[in-house]
Amino acid sequence: MRRTTIAKLAGRWSLYGLLASWFGLTLYQQAGAPHWLQAKVDPIGITIPNWRFFAPLPGRHDYNVLYRDRLPDGTVTAWREEEISVPRKMLQMVWHPRRRMEKALSDVASQLFSMVDKVEDRTIIQLLMPYLALLNFVTNQVPHRDGAVDVQFMIAQSATYDPTVEPAMMFLSEWHSLYGEARSLPAEAAREAVPAG
């Protein structure tokens, strides 16, 4: 009887020791430098979890889409931001449909930045899929001034939850017609709609 009690007690404390070691190695894993014991216990990295698995370099910035219109007389409106990010609430852990838009913007902006660095001919940038997606967004999904003929967009980077980080302009588009090729402009307005330079 005593022998079985000792065996149960030893088994219990062995399990506690195993779980405590696993927890300790998991905490150490988050630092980014694997412990030598971790390399021996988990050489292919599947049993010791890494909380940064889906984001090895967590995002610390938000991307903001700003746009402005140009009117037929050449007047340019002030920059306006299309609010995509919203202040976080507890309910958003369960239900956050606007998160799709935030994620899409982040992905499109990241793709655009990575592609722009590889493009030598700057005119090709306007044919890239991320550029066209952003242009479609600012042309069709945001309100414009009455009579506006052109639109220009900008991607800025900010840190919403870190006021010490200054916002920075990351990308500025060309001017684009809001009418597209399918609709003709009056002759005078068409002349004004041609981007300068």
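The values are calculated or read from the model by the stated rules, or taken from the named source; none is laboratory data. Since the structure is predicted, the reported quantities are computational estimates derived from the model, not experimental observations. We place every Cβ from the backbone using ideal geometry, glycine too, and count neighbours over all the protein chains shown. The protein model used for the area step is the full one, side chains on, heavy atoms only, and it has no ligands, DNA or RNA in it. Shrake-Rupley method; radii C 1.70, N 1.55, O 1.52, S 1.80 Å.
Quick look at the numbers
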{"quantity": "Shape category assigned to region 99-163 from the gyration tensor of Cα positions, a/c cut at 1.5", "calculated": "oblate"}
{"quantity": "Ranked packing of 106-115, 146-155, most packed first, by mean Cβ within 10 Å", "calculated": "146-155, 106-115"}
{"quantity": "With DNA, RNA and ligands ignored, accessible area of E81 (1.4 Å probe; Å², nearest 10)", "calculated": "80"}
{"quantity": "Cβ-derived FRET efficiency at R0 30 Å, T77 paired with M115, nearest 0.05", "calculated": "0.55"}
